[in-house]
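All of the numbers you see were taken from the coordinates with simple rules; none came from a lab. What you see is a predicted model; the values in this text were computed from it and never measured. As a convention, Cβ positions derive from the backbone with ideal geometry for all residues, glycine included, and neighbour counts pool all protein chains shown.
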Amino acid sequence: MNIIKTSKVALRALGRNKMRSFLTALGIIIGVGAVIAMVSIGQGAKVEVEGRFESMGTNLLFVRPGSRSYMGRHGGGGTYTNLKEADAQAILENCDAVKYVSPNVNGRAQVVYQNKNWNTSIYGVGSSYPEIRNWAVEEGTFFAESQVRSSQKVAVLGSEVSENLFEGEDPIGQVIRINKNPFRVLGVLESKGESGGFFNRDDMIAIPYTTAQKRLLGIDHIQSIDVSAISTTRTNEAMAQIEELLRIRHKIAPGAEDDFNVRDMADIAESASEATQILTILLGGIASISLLVGGIGIMNIMLVSVTERIREIGIRMSVGAKERDILLQFLTEAIVLSVLGGILGVVLGVGSSRLISHFANMKTLVSLGAIALAFIFSGSVGIFFGFYPARKASKLDPIEALRYE
């Protein structure tokens, strides 16, 4: 029996019980659809995270305080308060692989404009912050170095804060109050949107870090230093120069642990990408369970079909059908069920990912690799779970089969 004729016989047999065949394939349809949809969510999250990091610049470095330890107890990263404004200035002046430096402090505060108020993040930064973070000013200007040095009370708003406080009114030149301190608005940053779905980067206000230290936080240290290397190729060189300089400035003995740490944006981006990759595998693995359930459904229905068609099998054997013909016939039926289910599942998965992207405002990415993998897996499920019923049918005694009522 050739494969084309066998496929026609299989389709005729499945067509006799259309509803049962559809319900049997439904498990595969849902399984394939779920795998494609879940993988597309994971892949979309990965692309989104990588895009966010890329927009911040790959030559970006972060200098953070290290972990303070007392009697063997480590307080965790950032517990030191040993980074000073002079450290940032020394990095800019002595590290030739460094282009821009911005000392940073931050906190949260209630912001008031006339009868409206908003609680937001306050970032005390240097005048080079827009260049380092690749963040353009959409309206107005950013504060100058002279305004940082004189600790002026000026502010640049994130687009979310501007919208909530001014509701379309021009904010440039207006006076807002941050914890009762008056600040003059110089500009509004362009919208960056959400950061991987965790927080809105536009919900912030940038002010000179010297002003934040004196007027809002009451501290004389800085919490971090953002550094931009001259180029991507010199990022590692800049990192080495910073580490060497700070060890000298902080009088750290050779072999002793640093009281600071320097992180490369590429390392952080790679870690985030690995995390989203694990998420994709986890989502795909969970969705694959439904494919397993669908395969068990195919096996169950094929066993029922063998029982119902014992006399048909006996007649086929009596007119010359061999064991392999019977085996191939029932195995083909199982494969046809799973493949048709796979095709409909691909349609369902692609459609679901589009709907999720549209209504849930989540980025999804349907890759040809995910579709091919889900389709191949659905066909493999048909072969695996269809083999036992097909083999059982092929091993029937033709005489006993003809006697079966």
(request) For the chain, set up a Gaussian network in which alpha carbons nearer than 10 Å are linked by springs, and say which option among 315, 178, 301 fluctuates the most. (result) 315
(message) Spelling out what I want: for every residue of the range 166-171, take phi, set θ = phi - 60°, compute 6.51 cos²θ - 1.76 cosθ + 1.60 (Karplus), and round to whole Hz; glycine and proline get x.
(response) 10, 6, x, 6, 5, x
(request) Could you tell me how many degrees, from 0 to 90 and to the nearest 10, lie between the Cα long axis of helix 323-359 and the main elongation axis, the longest principal axis, of the Cα atoms of the chain? (result) 30
(message) Between helix 18-56 and the chain, what is the angle of the helix's C-alpha long axis to the longest principal axis, kept within 0 to 90° and rounded to the nearest 10?
(response) 20
(request) Provide, for the range 99-226, the number of lysine pairs with alpha carbons under 26 Å apart, each pair being eight or more places apart or on different chains. (result) 9
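Let me know the shape class of the range 184-319, please: from the alpha-carbon gyration tensor, a ≥ b ≥ c as square roots of the eigenvalues, rounded when a/c is under 1.5, otherwise prolate if a/b is greater than b/c, or oblate.
Details: a/c = 4.62, a/b = 2.74, b/c = 1.69.
Prolate, since a/c reaches 1.5 and a/b exceeds b/c.
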(message) Just want the answer: with Cβ charges of +1 for Lys and Arg and -1 for Asp and Glu, which residue in 290, 252, 303 is farthest toward the dipole's positive end in the chain?
(response) 303
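Ignoring everything except DSSP H segments at least 4 long, calculate the 222 nm mean residue ellipticity for the chain; use -39,500 (n - 2.57) per segment, divide by total residues, nearest 500. Kindly include the intermediate steps, with their values, before the conclusion.
On the way: 12 runs with 218 residues, N = 405.
The helix-only estimate for the chain comes to -18500 deg cm²/dmol at 222 nm.
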(request) State to the nearest 20 debye the size of the charge dipole of the chain about its Cα centre, where the only charges are +1 on K and R beta carbons and -1 on D and E beta carbons. (result) 1780
(request) Determine the dipole magnitude for the range 99-226: charges of +1 sit on the beta-carbon of Lys and Arg, -1 on that of Asp and Glu, nothing else is charged, the reference point is the Cα centre, and the result goes in debye to the nearest 20. (result) 660
(message) Between helix 3-15 and the chain, what is the angle of the helix's C-alpha long axis to the longest principal axis, kept within 0 to 90° and rounded to the nearest 10?
(response) 90
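Return a whole-number percent for the relative contact order of the chain, with Cα pairs under 8 Å and 6 or more residues apart as the contact set.
Details: 747 pairs, mean separation 118.2, N = 405.
In percent, rounded to a whole number, it is 29.
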(message) Using a Förster radius of 51 Å, what is the FRET efficiency between residue 137 and residue 293 based on their Cβ-Cβ separation? Nearest 0.05, please.
(response) 0.40
(message) Quick check: from the Cα gyration tensor, does the range 205-273 come out rounded (a/c under 1.5), prolate or oblate?
(response) oblate
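Once R0 is set to 51 Å, what does the formula 1/(1 + (r/R0)^6) return for the Cβ-Cβ distance between residue 177 and residue 367, expressed as a FRET efficiency to the nearest 0.05? Numbers along the way, then the final one.
Details: r = 50 Å, r/R0 = 0.98.
Working from the Cβ atoms, E equals 0.55.
Beta carbons within 10 angstrom, averaged per residue: use that to sort the peptides 123-131, 91-99, highest first. Present the calculation step by step, with values, prior to reporting the outcome.
Values: 123-131: 21.7, 91-99: 17.4.
Per-residue Cβ counts within 10 Å, averaged per peptide and sorted highest first, yield 123-131, 91-99.
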(message) How would the range 99-226 be classified by its alpha-carbon gyration tensor: rounded, prolate or oblate, with rounded meaning a/c under 1.5 and the a/b versus b/c comparison settling the rest?
(response) rounded
(message) Among (1) -1.14, -1.30; (2) -1.06, -1.16; (3) -1.23, -1.42, only one was calculated for this model; which label is it, if the read-out is log10 I(q)/I(0) by the Debye sum over Cα atoms at q = 0.13, 0.14 Å⁻¹?
(response) (2)
(request) Would you mind pulling out the separation of the Cα centroids of the range 279-297 and the range 307-372, in Å? (result) 15
(request) Going by C-beta contacts inside 10 Å, put 258, 264, 226 in order with the fewest on the left. (result) 258, 264, 226
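Want the number for residue 94 to residue 221: 0.36 nm per residue separation, take away the alpha-carbon distance, what's left?
Numbers: separation 127, 0.36 × 127 = 45.72 nm, distance 2.04 nm.
Length gained between residue 94 and residue 221: 43.7 nm.
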